[in-house]
Amino acid sequence: MGFVKAQKTRAYFKRFQVPFKRRREGKTDYRARIRLINQDKNKYNTPKYRFVVRISNKDITAQIVSANIAGDMVLASAYSHELPRYGLEVGLTNYAAAYCTGLLLGRRVLKMLEMDDEYQGNVEATGEDYSVEPTDTRRPFRALLDVGLIRTTTGNRVFGALKGALDAGLDIPHSEKRFAGFSKDNKQLDAEVHRKYIYGGHVAAYMRTLIEDEPEKYQSHFSEYIKRGIEADNIESLYKKVHATIRADPTAKKSEKEPPKQHKRFNLKKLTYEERKARLIERLHALNAAAGGVDSEEED
Amino acid sequence: MPAGHGVRARTRDSFSRPFRKKGYIPLSTYLRTYKIGDHVDVKVNGAVHKGMPHKFYHGRTGRVWNVTKRAIGVEVNKQVGNRIIRKRIHVRVEHVQPSRCTEEFKLRKLKNDQLKAEAKAKGEIISTKRQPEGPKPGFMVEGATLETVTPIPYDVVNDLKGGY
């Protein structure tokens, strides 16, 4: 290879406009964010809440967030790693766990705002489309679903979390088109199929097929389930119990963490402005003393 | 071809986005709230095409007289012939910035209230009026050496040495 013409010249860098930081990180869709945050000006400082659902490889985060110039404020949050407290220890990122997390967040917010007695929501999860009815005293808590950057396909777990929050009693505008069990041909939601997914029926079905066809794979794949004695038939009752425990006590627990231990510093710590000024004065004093010249009164 | 006097005529530069600031506009513009009576600057944001004011109002400052869902009504002074008319325009919030013209006044008001309260507590009378800058105090010039400058007699020979 001989001389290769440089692709990115100095001129390229001089004219390059850097995208917003969160766009560079690939975390925020600003087009969607503008439309979610924009509040009517004649509503002045009324907060507009977003129901944020983010799924990572091992955790599901559900938050109620309102936007501020200083930074977004989280009103309440629920994580699927809190579900062990309510009796669910395995399968923390499946559709049923997403439903539980959404349910937990919804009940938590309502309890925080002391609306939990008024708005019980849908106590028995049937998979049908359920919207909160406003009572006479207070209007229901309204939030807008914020999916982030995921592809909104039918049966996605964020809609499981949405269903959980809806059944908890939050008012989130939605359509049943993307719930698991909606068939494009009929253009209808099959409540039975959706109910199956909410109670982990799809996991149970897979367990059953594996036990029959590939027992070794069953042993390796569902090892944690087997360790806790969860079988395909108990899954539904397990989730029913988790839902009941969540409704009983959704308050968040403060976790005690020890202060992080101090690590040894390998580089010098940056001096503060006062420290730097003091150092300068010292050095000037030393210089003047060494030179034996006239001490200048102003060391600026 | 004639000059053309469309609504956005001659706005090629004033409505264009600044260098390296194109694309999505920062969200704080959408999060600000405006109340009736606030002073605002009208500054067109070329990235948003809806609710733009006419180019005359670009750079004007006015008062808010109306707040709607996505826009603000601003009352701006415009000279028409021999009089000034208070024009009422509606502008989307992307083309509006909160004005700092009253900031100094508001701060001074707060400080004066505080000073007056303190003086009242102590029982003394103070004036919070602003005074214009007076004449500077007198001073003695120090470290001055006198240098007498006198003209030197014209020396024909030396001065014509260069060119002639």
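The table for this structure:
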item	result
Test: B:R92 is modelled with pLDDT of 90 or more, under 30 Å from A:D40 (Cα atoms), open to solvent by 100 Å² or more (accessible area, probe 1.4 Å) and in contact with a Gly (Cβ under 8 Å, 6 or more places away or on another chain)	no
Selection from the range B:65-85 of residues that are away from chain A (no Cβ under 14 Å), over 20 Å from the mean Cα position of the chain (by Cα) and of a type in the set (D, E, K, R)	B:R83
Among the candidates B:V7, B:V80, B:V48, residue that is surrounded by 13 or more Cβ atoms within 10 Å (Cβ to Cβ) and either out of contact with any His (no Cβ under 6 Å at 6 or more places or on another chain) or touching a residue at least 40 places away in the same chain (Cβ under 8 Å) (or both)	B:V48
Failed item, numbered, when A:G26 is tested on (1) among the small types (G, A, S); (2) part of a loop (DSSP other than H, G, I, E, B); (3) within 14 Å of chain B (Cβ to nearest Cβ)	(3)
Matching residues in the range B:21-31 - criterion: being facing chain A (nearest Cβ under 7 Å) and of a type in the set (K, R)	B:K22
Count of residues meeting criterion [assigned to a loop (DSSP other than H, G, I, E, B), within 29 Å of A:D72 (Cβ to Cβ) and of a type in the set (D, E, K, R)] in the range A:118-158	4
Candidate set from the range A:238-280 (those that are open to solvent by less than 60 Å² (accessible area, probe 1.4 Å) and closer than 27 Å to A:T209 by Cα); member that is farthest from the chain's Cα centre (by Cα)	A:L238
Tally, over the range A:92-133, of residues that are touching a strand residue (DSSP E or B) at 6+ places or on another chain (Cβ under 8 Å) and open to solvent by 50 Å² or more (accessible area, probe 1.4 Å)	4
Test: residue in the range B:100-117 that is open to solvent by less than 90 Å² (accessible area, probe 1.4 Å), modelled with pLDDT under 95, under 22 Å from B:T61 (Cβ atoms) and not in a helix (DSSP H, G or I)	yes
Matching entry among A:G169, A:G148 (being modelled with pLDDT under 95, open to solvent by less than 50 Å² (accessible area, probe 1.4 Å) and in contact with a Lys or Arg (Cβ under 7 Å, 6 or more places away or on another chain))	A:G148
Single match in A:H202, A:H174 (criterion: assigned to a loop (DSSP other than H, G, I, E, B) and surrounded by 12 or more Cβ atoms within 10 Å (Cβ to Cβ))	A:H174
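The values are calculated or read from the model by the stated rules, or taken from the named source; none is laboratory data. What you see is a predicted model; the values in this text were computed from it and never measured. Note that we place each Cβ from the backbone using ideal geometry, even for glycine, and neighbour counts take in every protein chain shown. Quick note on the areas: whole protein, heavy atoms, side chains included, nothing else; ligands and nucleic acids left out. Shrake-Rupley method; radii C 1.70, N 1.55, O 1.52, S 1.80 Å.
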